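The structure appears right after this line, and notes come after that.
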Amino acid sequence: MKKIENPHRILVIGGGAGGLELVTQLGHRYRKNPNIQVTLVDQKRSHIWKPLLHEVATGTLDPSTDAVVYPAHAAKHYYQFQLGSFCGLDQEKQTVTLAEILDENGEQVLPERHLDYDTLILAIGSVSNDFNTPGVKDNCFFLDTARQADRFHDALINNFLRTNQQDEGVLKIAIVGGGATGVELAAELYNVTTMLHTYGLRKMTASQLKVQLIEAGPRILPALPGRISAAARKELTHLGVEVCENTMIKSATSEGFINADDQLMEADMMIWAAGVKAPDFLADLYKFELNRNNQIMVKPSLQCSNDENIFVIGDCCACQQADGSWVPPRAQSAHQMASLVKQNIELQLNNKPLKSFIYKDHGSLVNLSRYSTVGSLMGNLTGNSMFIEGKIARVVYISLYRMHQIAIHGFFKAMMVYIAEKVGKVVRPKMKLH
């Protein structure tokens, strides 16, 4: 095919689950078409599946070996990669602005750049919603990115070392947010604590760990069926987690959280995992129609409500279904949206009617580390009534990550990655200690 002077430029902002899967699909679809140019933009150099960030935070997952490096992945999957932070959008000129990149000494690495597009896909994900609670930004850890998870991990190891030096010392960790992230992190903390004696920290046992899981609502995992919530609560309580439901947080201090009754809930480490929202800068970029969580309102085709050349997928997308419900911010949502947008881009290029997005709830699973996994399957078909737990649920949970790996690597390479992980576990410690 003869290459034209001005190819159709498809620009994807955000290399999370949806964005990375989409550029992989588009790269392979148009790899032999020089008239289509596919580019991914992300402010990080590598990708970690967001549902696994709590494992990065505790050290049971090492991002240096499990991350997908964007430039290397781009070279193998027929798309281009640009490192940069999305900071500007000119809808009239169809141009995106990337902020300059500075190193730790303030020296410029890359200048401000402007990228033209014909089709733009926003897949910028979400961040934790602190609801403007005083003191949270200054005193709490967040787990929105691999860098934040690494920061928590460094502090966790230091606190393990301090507590190990104390006779009858206790490490107090408070987690605000009883969603999947908070629940899974609480269980994983107990898992890693049981490993510490193997690595010389013999005084730092599970009895020296006190974890509080704080939820404002009447139960943890409020978005999931009650049976899943009850099973998770029972397992966490058995581990030693203090589950504090119906507990509102007014503020955070260096000593802990202040609840609605003005009581101090003491903590050495505080994590905020209560709710998500799209990044605040979206409101300043362009006159998007936003909901109260900063998510961008879209048409059924996942096109921006006021610009047919912009698609939105993943956690930053506000998509209402025919029954009035809103698509939840989950990895399975991003995966399904990526698949539809890939189809709609091809239809748009051929001047054909676009398809509408129909979310299919395949169920929900919560992994309580090595202790248990609980959840439900085939949500649309069973009304989330097919409850599973234990080993079967664990296998299904792991398979979700394997499906993501297949989507971004292909089946053969994903199997090679799986084998490499198994081999690596033979020579690497069970948890990251540095």
Item checked: Out of THR193, THR119, THR145, THR181, sole residue that is among the polar types (S, T, N, Q), touching a strand residue (DSSP E or B) at 6+ places or on another chain (Cβ under 8 Å) and either in the same structural domain as PRO329 (by TED's automatic domain parsing) or within 30 Å of MET337 (Cα to Cα) (or both) -> THR119
Notebook entry, point to check: How many residues, within segment 1-54, are part of a strand (DSSP E or B) and either more than 14 Å from GLU346 (Cβ to Cβ) or among the charged types (D, E, K, R) (or both)?
Noted result: 11
Check: In segment 247-291, which residue that is among the hydroxyl-bearing types (Ser, Thr, Tyr), in a loop (DSSP other than H, G, I, E, B) and modelled with pLDDT of 90 or more is nearest to the chain's Cα centre (by Cα)?
Finding: THR247
Next item on the list: Select from segment 93-125 the residues that are among the polar types (S, T, N, Q) and assigned to a loop (DSSP other than H, G, I, E, B) and write down the one among them that is surrounded by the fewest Cβ atoms within 10 Å (Cβ to Cβ).
Entry: ASN105
Notebook entry, point to check: Do we have any residue at all in segment 40-61 that's in contact with a Phe, Trp or Tyr (Cβ under 6 Å, 6 or more places away or on another chain), touching a residue at least 12 places away in the same chain (Cβ under 8 Å), of a type in the set (Val, Ile, Thr) and crowded, with 21+ Cβ neighbours inside 10 Å?
Noted result: no
Margin query: Being over 21 Å from the mean Cα position of the chain (by Cα), closer than 25 Å to LYS432 by Cα and part of a helix (DSSP H, G or I) is the requirement here; does THR181 meet it?
Written below: no
Notebook entry, point to check: Somewhere in segment 133-148, is a residue buried (at least 20 other Cβ atoms within 10 Å of the Cβ), in a loop (DSSP other than H, G, I, E, B) and touching a Cys at 6+ places or on another chain (Cβ under 8 Å)?
Noted result: no
Item checked: Output for segment 306-338, where each listed residue is over 25 Å from ARG31 (Cβ atoms), assigned to a loop (DSSP other than H, G, I, E, B) and either among the aliphatic types (A, V, I, L, M) or over 15 Å from the mean Cα position of the chain (by Cα) (or both) -> ASN306, CYS319, GLN321, ALA322, ASP323, GLY324, SER325, VAL327
Checklist line | Of all residues in segment 189-238 being under 14 Å from ASN164 (Cα atoms) and touching a Phe, Trp or Tyr at 6+ places or on another chain (Cβ under 7 Å), the one that is modelled with the highest pLDDT | finding: LEU209
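The values are calculated or read from the model by the stated rules, or taken from the named source; none is laboratory data. Note that the structure is predicted; figures quoted are calculated from it, not measured. Neighbour counts are summed over all protein chains in view; Cβ atoms, including those assigned to glycine, are modelled from backbone coordinates with ideal geometry.
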